[in-house]
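Asks: Encoded as structure tokens, here's the structure I'll be asking about.
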Amino acid sequence: MAKYVCPSCGEKIETTGIVTVCPKCNADMAGVMEQSARALRQKAAELIKDDSVTTHEYIVRTRGLKRSYIMGEEEVQALRGIDLDVRRGEYLSIMGPSGSGKSTLFNLIGGLDKPTAGSCYINETDMAQLSAHELAWQRCRTIGYIFQTFNLIPVMTALENVTLPMIFAGMGSDEMLERGRMLLDLVGLGGRLNHKPQELSGGQQQRVAVARSLANSPAIVLADEPTGNLDLQTGKEIIELLKELNVESGVTIISATHDLKMIDVSDRIVHIRDGQVERIEKREEIDLEIGTMGGQP
Amino acid sequence: MQSTRKCWSRAELDPRLSACGLRLVVKAVMMDVKKLAKVAGGGGQAAPQIQKQINLPWPDAFRISLRSVLLRLGRAGIAATGIVLGVAFLTYVWSDRIFSDGVEKARLAQEQTLAAAAESVRKPAAAPEAEQGAPDQPVAPDASQSTKAEKDARQLWLVVMSLLVCGIGITNAMLMSVTERFQEIGTMKCLGALDAFIVRLFLIESVVIGVLGSAAGIIIGILFVLLYYGIKEGFSVTAKVDWGSLVMVMLYGLVIGTVLALLSAIPPAIRAAQMPPAAALRSEI
Ligand SMILES: Nc1ncnc2c1ncn2[C@@H]1O[C@H](COP(=O)(O)OP(=O)(O)OP(=O)(O)O)[C@@H](O)[C@H]1O
Ligand SMILES: [Mg+2]
């Protein structure tokens, strides 16, 4: 929810969308909107710029990544060798039918699970080489997670949820509260700092989760079906928020999704099927496709 | 129920698991000891290492756990019931003895003063009678002492058994609470929590439950004794009781209840901490 003030009559307008004219005096609001958007961008860039020292071109690389689950006698191969390079600052979507291994890949990249074979490099460090401490450090500082089911801690307020990773990172308490407030403000929940998750709507909970994923200025945000439990409009808002953050702060976003709305904002789309990369599309190519399709009579 | 069995059998089948779990508990406590030592002995040098350190300060851990208990009083209540009952029983048994001793002592004192008064009244007349009464007195306490010792042993046995049952009750309730919170635990791990943090959070939670439960148990136990003796002997009985030892009994109750809660929470805490984050996130979906 953003607040705008009409430049001519001083009317206060609260909305999540766009206001072109003031509802009271019909004055043009475009200037105000643009100004607030610019302020938001600046704040985002300040808050979560990727300040890691190393600047490898590829922030995530996987080589022959395999993961199989043993179910009794049977061996289920969830991933059958994934080679994937993700550029720094990219917005990458992973698409595929249910059971194709998206979540499995997400868990492996995020260091939540160990591959059966192959390796995954983050900033050119092999995840398999990391000790438990280093892995926790990486989960805390380098990667932010967003889940389909929001996964906020139910007994904590929005602000506490956002500051929890900062506690782990050893941030001072004043700085922490300040930053938590700013992040929640950034996702449009500045007025709901002390609400518990069950007092928030799904979309609002997911916004808190987005703010939390940015807590320690991660280089990568991993999102597993972030819009899966949201209605169309709310899902779109979350996607736009993610895209905005991606553009303004240069954070790399990797998102597993069914959601076709994601295609618009993705730089690349990786289609996986049965645990293998089926094809990789670039946005330019999709634009081209849509263009030719639209051009046909 | 089922979850308890599963955990125990897992621990039995795989000795590595329990050994590893114990190491975790030690780690949860030692981490801060080590950090203190590091800071004490030239903190400046260790700085670059500390930079990559993930930590959960005790005050924050305490705040989170306390919040978790207070906002889930229902679940905490189930875990605490065992402690409340166990400590109430223990307090009852121990303070019962203090009360009965107090009453006995008061009666003896009264008898003595009465006897003295009687003696002073019929001193000249009934000298042989007093001699007759004298040999009786040592016999009666002797008999009551032996039955008393037997009773004490039986009561100790009962107390130990009841505490054991309470402990298992807490373990079970905490295991249920762990199962309920798989997702929460997994999320915490995604946010950078070490296994040791999870152990720490659950142990603190259990200590909080232990302290609250024991306090309630002590109050209930003392109330029962007070009521019992108050009705039997009149409420003036409170004046005759040794309040010093009664306070000691309360302290013992508190300590025993808390330690019991802490010990019973170790298996569930280990189980929670050892869960791989991916599994924890899956379980509720
Ligand atoms: N913990 C597990 N134990 C056994 N099999 C598993 C486990 N996790 C995943 N699988 C199997 O691995 C395959 C891929 O699962 P995954 O969860 O990665 O799919 P997904 O692409 O995320 O699907 P969805 O879109 O429905 O979330 C499936 O066949 C699934 O049955
Ligand atoms: Mg999935």
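The values are calculated or read from the model by the stated rules, or taken from the named source; none is laboratory data. Just so you know, these numbers come straight off a predicted model, no measurement behind them. No Cβ is skipped: glycine too gets one built from the backbone with ideal geometry, and neighbour counts run over all protein chains shown. Areas reflect the complete protein model, heavy atoms only, side chains present, ligands, DNA and RNA absent. Shrake-Rupley method; radii C 1.70, N 1.55, O 1.52, S 1.80 Å.
Asks: From the phi of every residue in the range B:74-84, what ³J(HN,Hα) in whole Hz does the Karplus formula 6.51 cos²θ - 1.76 cosθ + 1.60 yield, where θ is phi - 60° and glycine or proline is x?
Replies: x, 5, 4, x, 4, 5, 6, 3, x, 4, 4
Asks: Another question, if that's okay. Compute the helix-to-body angle for A:283-295: its Cα long axis versus the longest principal axis of chain A, expressed 0 to 90° and rounded to tens.
Replies: Long axis of A:283-295 versus the principal axis of chain A: about 70 degrees.
Asks: Another one. For chain A, take the longest principal axis of its alpha carbons; what is the angle in degrees between that and the long axis of helix A:158-168, to the nearest 10 within 0 to 90?
Replies: Compared with the principal axis, the helix lies near 50 degrees.
Asks: Here's a follow-up. Among the listed pairs A:66/A:114; A:12/A:43; A:261/A:282; A:66/A:102; B:105/B:240, which are separated by more than 19 Å between their Cα atoms?
Replies: Working: A:66/A:114 9 Å; A:12/A:43 22 Å; A:261/A:282 15 Å; A:66/A:102 12 Å; B:105/B:240 8 Å.
Flagged as over cut-off: A:12/A:43.
Asks: Tell me, what is the FRET efficiency for residue B:52 and residue A:247 to the nearest 0.05, using R0 = 30 angstrom and their Cβ-Cβ distance as r? Walk me through the intermediate numbers first.
Replies: Values: r = 30 Å, r/R0 = 1.00.
Once the sixth-power term is evaluated, E becomes 0.50.
Asks: Computed on protein heavy atoms with a 1.4 Å probe, what is the summed buried accessible area for the chain pair B and A, in Å² to the nearest 100?
Replies: Details: alone 17230 and 15090 Å², together 29730 Å².
About 2600 Å² of accessible surface is lost on pairing.
Asks: Divide the volume of the convex hull of the Cα atoms of the range A:175-286 by its number of residues and quote the answer in cubic angstrom per residue.
Replies: In the range A:175-286, the Cα hull volume divided by residue count equals 117 Å³.
Asks: Rounded to the nearest 500, what is the 222 nm mean residue ellipticity of chain A from helices alone, with -39500 (n - 2.57) per DSSP H run of 4+ residues and division by all residues?
Replies: Details: 9 runs with 110 residues, N = 297.
For chain A, the value works out to -11500 deg cm²/dmol.
Asks: Tell me the volume per residue, in Å³, of the convex hull enclosing the alpha carbons of chain A. Please list the in-between numbers first.
Replies: Numbers: hull volume 49.3 nm³, N = 297.
Hull volume normalised by residue count: 166 Å³.
Asks: Further question: Would you mind telling me the antiparallel percentage of the DSSP bridges in the range A:113-263, rounded to 5?
Replies: DSSP beta bridges in the range A:113-263 are roughly 20 percent antiparallel.
Asks: Determine ³J(HN,Hα), in whole Hz, for all residues of the range B:239-251 in sequence, where each value follows from phi through the Karplus function 6.51 cos²θ - 1.76 cosθ + 1.60 and θ = phi - 60°; x replaces Gly and Pro.
Replies: 6, 8, 8, 7, 5, x, 6, 5, 4, 4, 4, 4, 4
Asks: Measure nothing fancy, just the Cα-based angle from helix A:173-186's long axis to the longest principal axis of chain A, in degrees from 0 to 90, nearest 10.
Replies: The answer is roughly 80 degrees.
Asks: Which value, in debye to the nearest 20, describes the size of the charge dipole of the range B:187-254 about its Cα centre when Lys and Arg Cβ atoms bear +1, Asp and Glu Cβ atoms bear -1, and nothing else is charged? The partial results should precede the final answer.
Replies: Values: 4 positive and 4 negative charges, 8 e Å.
Value, rounded to 20: 40 debye.
Asks: Sticking with this one: Under the definition of Cα pairs under 8 Å and six or more residues apart, what whole-number percent is the relative contact order of the range B:155-285?
Replies: Computed over the range B:155-285, the figure is 54 percent.
Asks: Give me the mean projected area, in nm² to one decimal, of the convex hull enclosing the Cα positions of the range B:177-285.
Replies: Mean orientational projected area (the range B:177-285, Cα hull): 8.7 nm².
Asks: How large is the Kirkwood hydrodynamic radius of the range A:135-220, counting all unique pairs of alpha carbons, in Å?
Replies: 12.5
Asks: Further, regarding this structure: Using modelled amide H (1.01 Å from N, peptide plane; none on Pro or chain starts), what sits under 5 Å from the amide H of residue A:146, excluding residues fewer than 5 places away?
Replies: So residue A:146 has HN proximity to A:222, A:223, A:224.
Asks: What nm value, rounded to one decimal, do you get for the distance between residue B:279 and residue B:165 when each label is placed 7 Å out toward the C-beta?
Replies: That separation, rounded to one decimal, is 3.3 nm.
Asks: Between residue B:148 and residue A:24, with labels modelled 7 Å along Cα→Cβ, what's the label distance in nm to one decimal, could you check?
Replies: Simple spin-label model gives 8.7 nm for this pair.
Asks: How do the peptides B:240-252, A:145-157 rank, highest first, by the average count of neighbouring beta carbon atoms within 10 Å per residue?
Replies: Answer by packing, highest mean first, reads A:145-157, B:240-252.
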